[in-house]
Amino acid sequence: MGAKLYVGNLPYSVTEERLQQHFAQHGSVLSARIITDKFSGRSKGFGFVEMSSDQEAERATAALNGTDFEGRNIVVSEARPQQPREPRSGFGGGRPPGGNRY
């Protein structure tokens, strides 16, 4: 198990500081990050916590997965590497290249 944890079903109002405090009860937290929408800045309801060791990460997962955190039952599991995404074209909407020819 890695020391980086995925934390899902977070309340949208929770802060990174509050998330770090919650996990610090189960070991040393290196970082706590909440993922936000790049346009609105609002929380997407999940984040990542990095513990200082695999053992602390396992303890935090066992202690916190499925438990209530500020009114929501959070999901805690080992973080998986992000899957590569298909490249997007710069043009959307299905229009032909070269502008509007109608």
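The values are calculated or read from the model by the stated rules, or taken from the named source; none is laboratory data. These numbers were taken from a predicted model, which means no experiment stands behind them. Every residue, glycine among them, receives a Cβ derived from its backbone with ideal geometry; neighbour counts consider all protein chains shown.
The condition of being of a type outside the set (D, E), under 16 Å from the mean Cα position of the chain (by Cα) and on the phi > 0 side of the Ramachandran plot holds for only one of G45, G27, that being G45. The number of residues in the range 14-70 that are without any contact (Cβ under 8 Å) to a residue 40 or more places away in the chain and either of a type in the set (G, A, S) or within 17 Å of K4 (Cβ to Cβ) (or both) comes to 24.
For the range 58-77, the condition holds for no residue, the condition being that it is at pLDDT below 95 and basic (K, R).
Restricting attention to the range 2-17 and to residues that are more than 12 Å from the chain's Cα centre (by Cα) and among the small types (G, A, S), the residue that is surrounded by the fewest Cβ atoms within 10 Å (Cβ to Cβ) turns out to be S13.
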